[in-house]
């Protein structure tokens, strides 16, 4: 089993309230879940109206699929015009050291 994780800081500008932020973040999370069948959650900066940190996990038995899926997810997020992304952190984990990551 290969697990890929993404930590995506999302910078939002011009919002009047936390409620406005939550609408955008909830929409993004639901779109990612339905389109990519990934686990997605807001993990940090919950009360900051200008920043959201989104955590994403992808699981598969093939490292190449996990890498491609994470690339596609990042492109999808960056094409959303409602915010800008900061530096994205990615990691791959394998539960069996005999399996190649790619």
- Query: Cα centroid distance between segment 1-16 and segment 17-34, in Å?
  - Reply: 11 Å
- Which ordering of 43, 24, 2, 56 is given by a fewest-first count of other beta-carbon atoms within 10 Å? 43, 24, 2, 56
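Taking only the Cα atoms of the chain, how large is their convex hull per residue, in Å³? Don't jump to the answer; show the numbers that get you there.
On the way: hull volume 8.5 nm³, N = 102.
Value for the chain: 83 Å³ per residue.
Over the chain, what is the mean sequence separation of C-alpha contacts under 8 Å (at least six apart), divided by residue count, expressed as relative contact order in percent? Present the calculation step by step, with values, prior to reporting the outcome.
Values: 171 pairs, mean separation 45.9, N = 102.
Result for the chain is 45 percent.
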- Here, residue 57 and residue 1, labelled 7 Å along Cα→Cβ, have an inter-label distance in nm of 0.9 nm
- Could I have the simple spin-label model distance between residue 18 and residue 82, label points 7 Å from Cα toward Cβ, reported in nm to one decimal? 1.8 nm
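Based on other C-beta atoms within 10 Å, arrange 60, 41 from fewest to most. Don't skip to the end; give the middle numbers.
On the way: 60 15, 41 11.
Placing the least packed residue first, the sequence is 41, 60.
Read-outs: derived from the displayed coordinates by stated rules, not from any lab. Model, not experiment: these values are computed from the prediction. Neighbour counts run over all protein chains shown; Cβ positions are idealised from the backbone, glycine included.
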